[in-house]
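Visitor: Submitted below is the structure of interest, expressed as structure tokens.
FYI, it's all coordinate maths here, none of it is from the lab. The model shown is predicted, which means the values in this text are computed figures rather than measured ones.
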Amino acid sequence: MDEADLIPLSALQHMLYCPRQCALIHVEQVWSENRFTAEGRILHDKADQPGVSRRRVVRTATAMPIRSTALGVSGVADVVELYERDRRIHPFPVEYKRGSPKAHRADEAQLCAQGIALEEMFGVEVPEGALFYGETRRRVAVVFDADLRRLTEQVAASARDMILAAEVPHAAYEAKRCRACSLLEMCAPRETADGGKVARWIERMIGE
């Protein structure tokens, strides 16, 4: 796949959380920070410093660049633990997330994409990884089974098609999800969810 066609790995998490959020960030290049994104940024500070350390039998790489031509994504893995077995390096991705485990699978799909990328890069099977949540301060093991891999491949294809086509979906307001989104004000889902209201909302914003 051409390098220009690779999309950010983070787009998979955004796409599963909300396709419109994904498009606003990766098509319109819109970003805004709220309490939740600030907490996530602080949690990532240590992992965002590139480097490799060793402790006993494991080497730990932080802020490791990764890419998958199969998925068409590239990005940076927070932490990759590198274990040596049978004279080969076996990577184990660990993704840092604020909050606690969620009902949706957006975090798991993003981690699985990292696993698939590492399989391509190291030429070994990566059967699982872990999500570390800042609120619980615990790891949650994630097995990259067939269902999760299928979901990851599907969302990667959908996100790539949307981003390369520069499409921005209509808003769909869901109170819990939208209230937690840092782009709530810019997205204005309640005002623009109904296509017939878009023109009136734009006119009002211009007037203000």
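Visitor: For the stretch 65-193, what does the convex hull of the Cα positions come to per residue, in cubic angstrom? Don't skip to the end; give the middle numbers.
Guide: Details: hull volume 16.3 nm³, N = 129.
Taking the convex hull of the Cα positions in the stretch 65-193, it is 126 Å³ per residue.
Visitor: For the stretch 143-156, take each phi angle, set θ = phi - 60°, evaluate the Karplus expression 6.51 cos²θ - 1.76 cosθ + 1.60, and give the result in whole Hz per residue in order, putting x for glycine and proline.
Guide: Once rounded to whole Hz, the list reads 8, 8, 7, 4, 5, 5, 5, 5, 4, 4, 5, 5, 6, 5.
Visitor: Under 5 Å between amide H atoms, partner at least 5 residues away or on a different chain: which partners does R98 have, H built in plane at 1.01 Å?
Guide: Under 5 Å from the amide H of R98 lie the amide H atoms of G134, each far enough along the sequence or on another chain.
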